[in-house]
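Undergrad: This is the structure, below, for whatever I ask next.
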Amino acid sequence: MKTHPAGRKLFAHAFGCQMSAADVAEMSGALAKRGFALTSELDEADAVLVGTCTVRDHAEHRALSYIGRLREWKTSHPEGAIIVAGCAAERIGGGELKRRFPHVDLVAGSKSVESFPSIVDSFLSKRAPAEPKTSPAVSASGISATLTIMRGCDAACSYCIVPSVRGPESHRPAGEILGEARLKAEAGAREFTLLGQAVNGWHGAFEGRPAGFGDLLGLVASVPGVERVRFMSPHPLRFDETVARAMAEHPKVVPALHLPAQSGSDRILALMRRGYDRASYLATVAMARRLLPGLTVTTDILLGFPTETEADFADSLSLLSEMGAVSAFCFKYSPRQGTPSSLLCDDVPREVKEERLVLLHALVAELSAAYLDSLVGREVSVLVDEPGTGRAADGFRVRLDEPVLPGRVVSAVVSGRAGNILMAHIPRRKA
Ligand code: 5AD
Ligand code: SF4
């Protein structure tokens, strides 16, 4: 690795969820303060940071095979540093990871994001002489930015490895979250996604008074420059009227709700230990719709959980239609180490999971298409994040008929769609 800070470059890549991406962004920021400039070219990098994921078997494999392929990079960059972070690193452990991948230099699992600056300082002090701190070369955010408001998870869903790799919940203080929001807004961020594993469980204090998740939504929405606020992912059990009312009160909080259901079958939901049944999940969605006119709802479905029958799976399909979902993320169950459900026989055959995934994707495509078609002729608000394209409040991408500059929010009339992308034109208004 070069010893002169001005010339050092970092290539960062995150596998997995937005939380993993946010962690990698935070760690990249720490490296930027230590003189690393971000590069999108692996070949010109002096350090590579890989955020790994372990929530599903497949996600972990992808991350590990990427790390395996970095061996080649190390051969051509013998002075380069490979840093592996994230949930798979936490699960596997530094010792075992370095044994399997001797070209890895530093492992910092998902419980070490907050202590990463000191970990990296001690790592760098062993590799290169002490270096002056330079100002961050990495831009903190684009138009859309994330705000990690809590880490870890106190829920105990029987299939989920997250509580064990990320640890128990800890909530960031409101002042710290708002400080980060202000900095990112000053740097040009217009949309914030509040992140946490069961994000609506956040609570803290503001100006000496207790504050809940709903209050935090309002506080972030009031930061100068902020145009939109989203959050991901709330837990249905904790999604109450206070949160829905806060969303309704603050026009900058988008009327879009991603509420992971996981299954539509009461028997499977009980085995998953989600703490709610189909009827109460649907009642929560109905409550949100009552308080938030025009609300769009999306969800996560986990298929092929142990013992899931055709009838259970049919309940998941019908749930999507009944709740009026406009889209969904669908996942094939994989047993994860140490979770209660990993003790159950993973008895839904691979081909059956595959078939169920195809059926779910087909239904999701149908529901999204029907929703997007229903928007034709209607006006939507678009936050432009690339010249001429942006996102509607519901999260779908919109292509405009004018090269509007990033950062602006415009009203546009939908004229059609290409797949899941809306086409829209900006109406001429009389002066
Ligand atoms: N297998 C498959 N999907 C899982 N998820 C969590 N754990 C597992 C698992 N063991 C899915 C859930 C969750 C999303 C982030 O990942 O649907 O909402
Ligand atoms: Fe996992 Fe459940 Fe926590 Fe989500 S709420 S991270 S699925 S344990």
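The values are calculated or read from the model by the stated rules, or taken from the named source; none is laboratory data. These numbers were taken from a predicted model, which means no experiment stands behind them. In this analysis, Cβ positions are derived from the backbone assuming ideal geometry, glycine residues included, and neighbour counts consider all displayed protein chains.
Undergrad: Determine if the stretch 253-267 includes at least one residue that is over 24 Å from Asp154 (Cα atoms), more than 14 Å from ligand 1 (Cβ to nearest atom) and surrounded by fewer than 21 Cβ atoms within 10 Å (Cβ to Cβ). Walk me through it before giving the result.
TA: Our first condition is that a residue be over 24 Å from Asp154 (Cα atoms); within the stretch 253-267, this holds for 253-256.
Okay, now just the ones that are also more than 14 Å from ligand 1 (Cβ to nearest atom), so 253-256.
In the following step, the residues that additionally are surrounded by fewer than 21 Cβ atoms within 10 Å (Cβ to Cβ) were identified as 255.
Yes, the stretch 253-267 contains a residue that is over 24 Å from Asp154 (Cα atoms), more than 14 Å from ligand 1 (Cβ to nearest atom) and surrounded by fewer than 21 Cβ atoms within 10 Å (Cβ to Cβ).
Undergrad: Separate question: Could you identify the single residue in Gly80, Gly35, Gly16 that is of a type outside the set (S, T, N, Q) and either within 24 Å of the chain's Cα centre (by Cα) or in the same structural domain as Phe331 (by TED's automatic domain parsing) (or both)?
TA: Values: Gly80 fails: either within 24 Å of the chain's Cα centre (by Cα) or in the same structural domain as Phe331 (by TED's automatic domain parsing) (or both); Gly35 fails: either within 24 Å of the chain's Cα centre (by Cα) or in the same structural domain as Phe331 (by TED's automatic domain parsing) (or both).
Result: Gly16 is the single residue among Gly80, Gly35, Gly16 that is of a type outside the set (S, T, N, Q) and either within 24 Å of the chain's Cα centre (by Cα) or in the same structural domain as Phe331 (by TED's automatic domain parsing) (or both).
Undergrad: If Thr299 passes every condition in (1) surrounded by 21 or more Cβ atoms within 10 Å (Cβ to Cβ); (2) more than 12 Å from ligand 1 (Cβ to nearest atom); (3) within 22 Å of Thr146 (Cβ to Cβ) but one, which one does it miss?
TA: Thr299 satisfies every listed condition except (2).
Undergrad: Quick one: in the stretch 164-175, of everything that is of a type in the set (D, E, K, R) and within 10 Å of ligand 2 (Cβ to nearest atom), which residue is surrounded by the most Cβ atoms within 10 Å (Cβ to Cβ)?
TA: Keep residues of the stretch 164-175 that are of a type in the set (D, E, K, R), which gives 166, 169, 172.
Of the ones still in play, those that are also within 10 Å of ligand 2 (Cβ to nearest atom) are 166, 169.
Numbers: Arg166: 22, Glu169: 18.
Taking the candidates together, the pick is Arg166.
Undergrad: Still on this model: Give me the pairs, please: first residue somewhere in the stretch 221-235 and touching a residue at least 12 places away in the same chain (Cβ under 8 Å), second residue anywhere and more than 16 Å from ligand 2 (Cβ to nearest atom) and among the aromatic types (Phe, Trp, Tyr), beta-carbon distance under 7 Å, and either six or more positions apart or on two chains.
TA: Once the first residue is touching a residue at least 12 places away in the same chain (Cβ under 8 Å) and sits in the stretch 221-235, its partners that are more than 16 Å from ligand 2 (Cβ to nearest atom) and among the aromatic types (Phe, Trp, Tyr) give Val226/Phe192; Val229/Phe192.
Undergrad: Looking at the stretch 152-163 only, could you name the residues that are within 12 Å of ligand 1 (Cβ to nearest atom) and either surrounded by fewer than 17 Cβ atoms within 10 Å (Cβ to Cβ) or not hydroxyl-bearing (Ser, Thr, Tyr) (or both)?
TA: Restricting attention to the stretch 152-163, the residues satisfying the condition of being within 12 Å of ligand 1 (Cβ to nearest atom) are 153, 155, 157-163.
Result: Cys153, Ala155, Cys157, Cys160, Ile161, Val162, Pro163.
Undergrad: Could you give me the residue pairs with C-beta distances under 6 Å whose first residue belongs to the stretch 255-275 and is closer than 12 Å to Phe305 by Cα and without any contact (Cβ under 8 Å) to a residue 40 or more places away in the chain, whose second residue is within 14 Å of ligand 1 (Cβ to nearest atom) and in a loop (DSSP other than H, G, I, E, B) wherever it lies, and which are 6+ apart or on separate chains?
TA: Leu269/Ser263
Residue-by-condition table, conditions (1) assigned by TED's automatic domain parsing to the domain that holds Asp121; (2) of a type outside the set (Lys, Arg); (3) within 30 Å of Cys160 (Cβ to Cβ); (4) over 20 Å from the mean Cα position of the chain (by Cα):
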{"site": "Ala22", "(1), (2), (3), (4)": "yes, yes, yes, no"}
{"site": "Asp43", "(1), (2), (3), (4)": "yes, yes, no, yes"}
{"site": "Ala47", "(1), (2), (3), (4)": "yes, yes, no, yes"}
{"site": "Cys53", "(1), (2), (3), (4)": "yes, yes, yes, no"}
{"site": "Ala59", "(1), (2), (3), (4)": "yes, yes, yes, no"}
{"site": "Ile67", "(1), (2), (3), (4)": "yes, yes, yes, yes"}
{"site": "Ala85", "(1), (2), (3), (4)": "yes, yes, yes, no"}
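Undergrad: Determine whether the stretch 61-84 contains at least one residue that is in contact with a Gly (Cβ under 8 Å, 6 or more places away or on another chain), assigned to a helix (DSSP H, G or I) and either modelled with pLDDT under 95 or surrounded by fewer than 23 Cβ atoms within 10 Å (Cβ to Cβ) (or both). Show your work before the answer.
TA: Of the stretch 61-84, the ones in contact with a Gly (Cβ under 8 Å, 6 or more places away or on another chain) are 63, 73-74.
This time we only want the ones that are assigned to a helix (DSSP H, G or I), so: 63, 73-74.
Filter once more, keeping what is either modelled with pLDDT under 95 or surrounded by fewer than 23 Cβ atoms within 10 Å (Cβ to Cβ) (or both): 73-74.
Yes: one or more hits.
Undergrad: Specify the residue that is nearest to ligand 2 (Cβ to nearest atom); the eligible residues are those in the stretch 176-193 that are outside any helix (DSSP H, G or I) and farther than 30 Å from Phe305 by Cβ.
TA: Looking at the filtered set, the residue picked out is Phe192.
Undergrad: Examine the stretch 350-359 for a residue that is in a strand (DSSP E or B), aliphatic (A, V, I, L, M) and surrounded by 13 or more Cβ atoms within 10 Å (Cβ to Cβ), and state whether such a residue exists.
TA: Residues of the stretch 350-359 that are in a strand (DSSP E or B), as a first pass: none.
There is no residue in the stretch 350-359 that is in a strand (DSSP E or B), aliphatic (A, V, I, L, M) and surrounded by 13 or more Cβ atoms within 10 Å (Cβ to Cβ).
Undergrad: Further, regarding this structure: Tally the residues that are out of contact with any helix residue (DSSP H, G or I) (no Cβ under 8 Å at 6 or more places or on another chain) and within 16 Å of ligand 2 (Cβ to nearest atom), restricting the search to the stretch 24-57.
TA: Qualifying residue count, the stretch 24-57: 2.
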